[in-house]
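Q: Quick one: structure below, then a few questions.
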Ligand code: AHG
Ligand code: MN
Ligand code: MN
């Protein structure tokens, strides 16, 4: 009798194909985008890992290499992603945190029916202190008529996303994504250069252990936000105190909360009246993932995924994480 030699090793490529097979009408274009992003992530991981070396090398050169290296890494990551996806014939447009305007697919490439929005390097101010950084991406389907993309194709509410994901360049490199069928995590095995399924069907605990907020802005918050943060700290006796954990890389803070349960808050403040985080390529993709994992995300008055965008780089206040803790925010921030 032939022994079943099926391996338990599931590469991201195999997983994407198996997911695609669940949809007979699938054309494989979305799968192709996810492959390309997985490749781009490996290339960015290499650059991020070498940043320290660049610093050391930089120490023999000009003092500002580190600063340039930081900006360079944002730009290098941006270019890696664009070059990985622009020729596959699956996209009609892109938008990046690093570029002011919509990025059209070069004329000599076939256009597709999807749009890709991304933050190529999130938390980049942390590169020089070796703190985890990330990449965030969001995929929308073109809605405007004709082959050429319109800005309206990018300015869709988050519930229209067909896929979203992030990569965290931490102690290991992980890619986490959803296509609306749950959240799945893959860990890069650098010895073979493959992302392997390590966290199938990720679920965020209903109540959080961690509170992630930059308390330096406390005096700039509204009083209801201050009262909410006091609730999470256990100061009004209505909720057990959460542990404070704030890395300053949204992807790293979100990933820890996804695994352990938690609440990340970046409220509006007098310095950033609309909040700091960008709706289209930071808030929306992580909100899609969080909801798919059983969590929630609001801007303080409404569900993040329901917000109708008006500008490519618009910002939003952000409360995301464990469902019970977001519900506390809904209750305490509701207009009186
Ligand atoms: P980016 O590096 O892409 O600009 O994002 C940085 C963001 C986010 O990663 C993080 O949560 C936030 O900035 C931290 O902001 P503060 O330093 O103001 O807390
Ligand atoms: Mn960012
Ligand atoms: Mn960024």
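Q: If you take the residues of region 221-260 that are under 30 Å from residue 41 (Cβ atoms) and assigned to a loop (DSSP other than H, G, I, E, B), which of them is nearest to ligand 2 (Cβ to nearest atom)?
A: The qualifying residue nearest to ligand 2 (Cβ to nearest atom) is 249.
Q: In the set 229, 204, which member is surrounded by 16 or more Cβ atoms within 10 Å (Cβ to Cβ) and under 19 Å from residue 317 (Cβ atoms)?
A: 229
Q: Just the residues that are touching a residue at least 12 places away in the same chain (Cβ under 8 Å) and out of contact with any helix residue (DSSP H, G or I) (no Cβ under 8 Å at 6 or more places or on another chain), please, taken from region 127-154.
A: Answer for region 127-154, where residues must be touching a residue at least 12 places away in the same chain (Cβ under 8 Å) and out of contact with any helix residue (DSSP H, G or I) (no Cβ under 8 Å at 6 or more places or on another chain): 147, 148, 149, 151, 153.
Q: Still on this structure: Pick out the one residue from 261, 294, 248, 300 that is surrounded by 17 or more Cβ atoms within 10 Å (Cβ to Cβ) and in contact with a helix residue (DSSP H, G or I) (Cβ under 7 Å, 6 or more places away or on another chain).
A: Going through 261, 294, 248, 300 in turn, just one is surrounded by 17 or more Cβ atoms within 10 Å (Cβ to Cβ) and in contact with a helix residue (DSSP H, G or I) (Cβ under 7 Å, 6 or more places away or on another chain): 300.
Q: Select from region 263-299 the residues that are more than 16 Å from ligand 3 (Cβ to nearest atom) and under 20 Å from residue 182 (Cβ atoms) and list them in ascending order.
A: 287, 288, 289, 290, 291, 292, 293, 294, 295, 296, 297
Q: Right, another one. Quick check on this structure: which one of 149, 163 is farther than 21 Å from residue 293 by Cα, more than 16 Å from ligand 3 (Cβ to nearest atom) and crowded, with 22+ Cβ neighbours inside 10 Å?
A: Result: 149 is the single residue among 149, 163 that is farther than 21 Å from residue 293 by Cα, more than 16 Å from ligand 3 (Cβ to nearest atom) and crowded, with 22+ Cβ neighbours inside 10 Å.
Q: Which members of region 117-146 meet the condition of being assigned to a strand (DSSP E or B) and within 16 Å of ligand 3 (Cβ to nearest atom)?
A: 117, 118, 119, 120, 121, 122, 133, 134, 135, 136, 137, 138
Readers should treat all values here as calculations from the given coordinates under stated rules, not as data from a laboratory. In this text, all values refer to a predicted model and were calculated from it rather than measured experimentally. All Cβ positions, even for glycine, are placed from backbone atoms using ideal geometry, and neighbour counts span all protein chains on display.
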